[in-house]
1. Out of the residues in segment 221-238 that are closer than 12 Å to residue 176 by Cβ and within 21 Å of the chain's Cα centre (by Cα), which is surrounded by the fewest Cβ atoms within 10 Å (Cβ to Cβ)?
2. Report yes if some residue within segment 152-174 is crowded, with 22+ Cβ neighbours inside 10 Å and over 30 Å from residue 83 (Cβ atoms); otherwise report no.
3. Looking at segment 63-86, is at least one residue more than 26 Å from residue 1 (Cβ to Cβ) and buried (at least 21 other Cβ atoms within 10 Å of the Cβ)?
4. Looking only at segment 173-215, filter to residues that are touching a residue at least 40 places away in the same chain (Cβ under 8 Å) and over 26 Å from residue 134 (Cβ atoms); which one of those is nearest to the chain's Cα centre (by Cα)?
5. Restricting attention to segment 152-169, report how many residues are more than 20 Å from residue 191 (Cα to Cα) and part of a loop (DSSP other than H, G, I, E, B).
6. Going through segment 89-120 one residue at a time, which ones are touching a strand residue (DSSP E or B) at 6+ places or on another chain (Cβ under 7 Å) and farther than 21 Å from residue 74 by Cα?
7. Within segment 232-242, is even one residue in contact with a helix residue (DSSP H, G or I) (Cβ under 6 Å, 6 or more places away or on another chain) and assigned to a loop (DSSP other than H, G, I, E, B)?
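A short reminder: the numbers here are calculations on the coordinates, not readings from a lab. Owing to the predicted nature of the structure, the values given are computational and were not obtained by experimental measurement. Counting neighbours? That spans all protein chains shown, and the Cβs are built from the backbone with ideal geometry, glycine included.
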């Protein structure tokens, strides 16, 4: 099943589960940016609803994703259910009604009712997801992005991105691809105002950052492209330098 077919299957399933409460399904992330790679990417999407789903609907929504994961990329789905009113009039941190990603698979499979009951709250990441949706996202069903998603304040988008990289100096050796490329795209936004994918962030870094860091950035881009990559020993130094540049640009 192709990614397009998979997303259409999810949209049809959610329409059946939610009925008229479903406003639309919106793709963001690497698929929307055009740099999706099945081996290293996940399928990112927002499900926008008029009202909070019932307990039964929440269970059925997660169960559908679990059933379809065999057709999904290796990293699976990343899905958030959000209310229409917060898409139109942004709130930060943004409330969500339900969330799922592959990191939660075991919890969802162990006790899906308990998982669905606990998986609601607020999420700073949604500021970035909404911003990317406004920039490059598209609907599988529902109104156009420009008709539904209001402006995300710059300070909320920045805070959302900083939240993702604030511990990069300590964590980059464990997640070298994710953090190397994310650090680049955060600085790209702060200096150039560009909303980029991870791949785009790495490309920007090679063009704009000092040559001493190019080995790390190229390794991250190679790994992201599914190639063998060897990261340099100075990853922590790179992260510390980038965080200094980011703080100076905020």
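1. Among those residues, the one meeting the criterion is 222.
2. Yes: segment 152-174 contains one or more residues that are crowded, with 22+ Cβ neighbours inside 10 Å and over 30 Å from residue 83 (Cβ atoms).
3. Looking through segment 63-86, none of the residues is more than 26 Å from residue 1 (Cβ to Cβ) and buried (at least 21 other Cβ atoms within 10 Å of the Cβ).
4. For segment 173-215, the residue satisfying everything is 176.
5. Here the count works out to 1.
6. Hits for segment 89-120 are 93, 94, 95, 96, 97, 98, 116, 119, 120.
7. Yes: one or more hits.
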